[in-house]
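All remarks here apply to the structure that follows.
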């Protein structure tokens, strides 16, 4: 891993409980700037709970979350987003009756300066900013190859395009770090392969740091330089893909003895 000065996000001994259930226990990770890293584990391992902690949806009972030198533990999601952390969700959460362009514009609104109540007053600065938001959203639509769908309702898009649209909406918030929650879920092998190249392209094109949760091991092993493995809320292994691929605890808990990789 890189030196401390190159760590963009660090979680130290994070514990998240729901009543008597410990969903995440003493979880620590450090994510270098510009990297693509992953968290894997079986269903119920606590991966999405960890994402919810990092993005402000949950406040852990113990531990700290440091982003770019600032403790963000307890900050609400909109403040975490404004600081530069955006995320997608395991189950796609688009506004299905809005167009592709409108969905991306929603993400842009995180950075808007002028409040909504200026609209009925007809104040010029509000409408100038709204036009700038539309232009910015259109550029993102073009950069993520969504232009053929720009006026279509989000709910009518092919599944892979919906995934790209969700990422486009996240990018509209101008993040420095992107959290992807099972981006390959529901994809066929070719779509998963395309996704690997897309994730790398997005990282390079937008100068991002990316943390992903994923069950598709070919995607994880193909794009992640470092991986943390969770089971029952706890960390059981960490390392580069080769280390994880051959780790006996990972094989026992998650991959299975018969799993082989190309």
**Report entry** Sites residue 215 and residue 125, calculated FRET efficiency, Cβ-Cβ separation with R0 35 Å, nearest 0.05
**Finding:** 0.15
Requested in this report: Report the FRET efficiency, 1/(1 + (r/R0)^6), for residue 109 and residue 197, where r is their Cβ-Cβ distance and R0 is 45 Å, rounded to 0.05.
Outcome: 0.90
Report summary line: Ranked by GNM mean-square fluctuation in the chain (Cα springs under 10 Å), the top entry among 162, 90, 131 is 131
Query raised in the report: Thinking of region 129-262 as a set of Cα atoms, what percent of all their pairs are more than 20 Å apart?
Result: 53 percent
Query raised in the report: When the chain is modelled as a GNM with alpha-carbon springs shorter than 10 Å, which of 154, 132, 184 fluctuates the most?
Result: 132
Query - residue 153-residue 132 pseudo-label distance in nm [points 7 Å out on the Cα-to-Cβ vector] - result: 3.3 nm
Requested in this report: Mind jotting down the three principal axis lengths of region 1-73 based on Cα atoms? Whole angstrom, largest first.
Outcome: 37, 25, 18
Query - Ranked list, fewest to most other Cβ atoms within 10 Å of each Cβ, for 68, 204 - result: 204, 68
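Sort 163, 33 by Cβ crowding within 10 Å, fewest neighbours at the top. Mind showing how you got there, number by number?
On the way: 163 24, 33 16.
Lowest to highest Cβ neighbour count: 33, 163.
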Query - For the chain: Kirkwood Rh in Å [reciprocal of mean 1/r, alpha carbons] - result: 19.3 Å
Query - Stretch gain in nm, segment residue 174-residue 71, where the contour uses 0.36 nm per residue and the Cα spacing is subtracted - result: 35.1 nm
Query - Gaussian network model of the chain, Cα within-10 Å springs - most flexible of 150, 24, 37 - result: 150
Query raised in the report: Taking other Cβ within 10 Å of each residue's Cβ, how do 201, 247 sort, fewest first?
Result: 201, 247
Report task. Please give the calculated 222 nm ellipticity per residue for the chain, where each DSSP H segment of at least 4 residues contributes -39500 (n - 2.57) and the sum is spread over every residue; nearest 500 deg cm²/dmol? Result -> -10000 deg cm²/dmol
Query - Gained length - residue 90 relative to residue 57, 0.36 nm times residue gap less alpha-carbon distance - result: 10.4 nm
Query raised in the report: Efficiency by 1/(1 + (r/R0)^6): what FRET value for residue 139 and residue 204, r their Cβ-Cβ distance, R0 = 25 Å, to the nearest 0.05?
Result: 0.90
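Read-outs: derived from the displayed coordinates by stated rules, not from any lab. What you see is a predicted model, and the numbers here were worked out from it, not measured in a lab. With ideal geometry, Cβ positions are generated from the backbone for all residues, glycine too; neighbour counts draw on all protein chains shown.
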